[in-house]
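A short reminder: the numbers here are calculations on the coordinates, not readings from a lab. Here the structure is a predicted model, which means the values were calculated and not measured. Neighbour counts are summed over all protein chains in view; Cβ atoms, including those assigned to glycine, are modelled from backbone coordinates with ideal geometry.
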Amino acid sequence: VHAPGLDGLVLTEHSRRWPHERFSEAAGNGFFLVNAREVETACGHIVVIGVEDEALTATRDVERLRSVVLERGGAMILAHPFRHFPSSWNLLFPQSRDHWSARDLEEWTPDRLAQHPVFGLVDAVETLNSGCTPKQNELAAAVAEVLRMPTVGASDAHDLSFLGWFATEFDDSVRDEASLIAALRAGDCRPLRRTPAGAYEAAAAR
Ligand SMILES: [Zn+2]
């Protein structure tokens with residue numbers, strides 16, 4: 001795996017995790033690699049770390065997913081919560097574009113958006129995602145701040161060229177899947193963005 005500037009990767013394939021044999025091959029060279037999954041739920045995409053596919057059969061219902069993940073000691077990250085917002089394509093607040101008049105949008109402050117129950121069912125919120133507009137990412141950050149929830153950044157790479165656009169910084173204590181889960185839960189993580197020069201900087205302070 002070649003990923004300049006990154007110390008590791010969490011693979012979050014849709015539908016199922018990477019096959020164990022192929023993943024082990026890629027993970028073999030000492031690069032920090034975790035095999036995870038992005039689960040499609042009724043409340044949008046949720047990254048699940050630390051739970052094998054066999055346990056993730058009933059995944060649409062977030063409350064059920066939550067109990068499975070807690071039982072297995074995993075972690076959940078709400079991915080790109082405001083992608084497509086404001087429009088009916090957003091799964092958390094699926095009102096039509098016509099519905100979202102300027103006045104309506106104004107009334108939906110981060111405090112109000114933060115009341116969506118899904119935020120109480122995940123460990124962290126993704127506040128930098130390369131498939132979102134800056135405004136959508138800022139909204140996710142504002143809501144996470146209201147809730148004082150841990151935040152992460154992710155490239156959402158569907159192509160190698162997207163790898164590392166956004167990243168997450170952890171302390172040195174993160175060495176394997178278990179310590180990654182612990183750090184996410186404890187909020188020992190920070191979203192980062194890559195500068196044009198290729199360095200990483202903290203997401204702009206709000
Ligand atoms: Zn997604």
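Would the stretch 23-75 count as rounded, prolate or oblate if I go by the C-alpha gyration tensor, calling it rounded below 1.5 in a/c and otherwise prolate when a/b exceeds b/c, oblate otherwise?
Judged from the Cα gyration tensor, the stretch 23-75 comes out prolate (a/c at least 1.5, a/b above b/c).
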Along each principal axis, Cα extent of the stretch 67-175, largest first, Å: 48, 35, 23
Kirkwood estimate for the stretch 41-99, i.e. one over the average of 1/r between Cα atoms, Å: 12.3 Å
For peptides 35-42, 159-166, sequence by mean Cβ density within 10 Å, most packed first: 35-42, 159-166
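Taking every pair of distinct Cα atoms and averaging 1/r, then inverting, what Kirkwood hydrodynamic radius in Å comes out for the stretch 111-152? Please list the in-between numbers first.
Values: mean 1/r = 0.0970 Å⁻¹.
So the Kirkwood estimate lands at 10.3 Å.
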Two-site label geometry, Ser101 and Ala55: point separation in nm, points 7 Å out along Cα→Cβ: 4.9 nm
Between 0 and 90°, nearest 10: helix 134-147 axis offset from the chain longest Cα axis: 90 degrees
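How long are the three semi-axes of the equivalent ellipsoid for the chain, computed from the Cα gyration tensor as the root of 5 times each eigenvalue, in whole Å, largest first? Please list the in-between numbers first.
Values: eigenvalues 150, 84, 48 Å².
Result for the chain: semi-axes of 27, 20, 15 Å.
Show me the ranking of peptides 9-20, 69-80 by mean Cβ neighbours inside 10 Å, starting with the highest.
Numbers: 9-20: 15.3, 69-80: 20.9.
Result, highest mean first: 69-80, 9-20.
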222 nm mean residue ellipticity, helices alone, for the chain (DSSP H n ≥ 4; -39,500 (n - 2.57); rounded to 500): -7000 deg cm²/dmol
Length gained when the stretch Leu160-His20 is fully extended (0.36 nm per residue, less Cα-Cα span): 48.3 nm
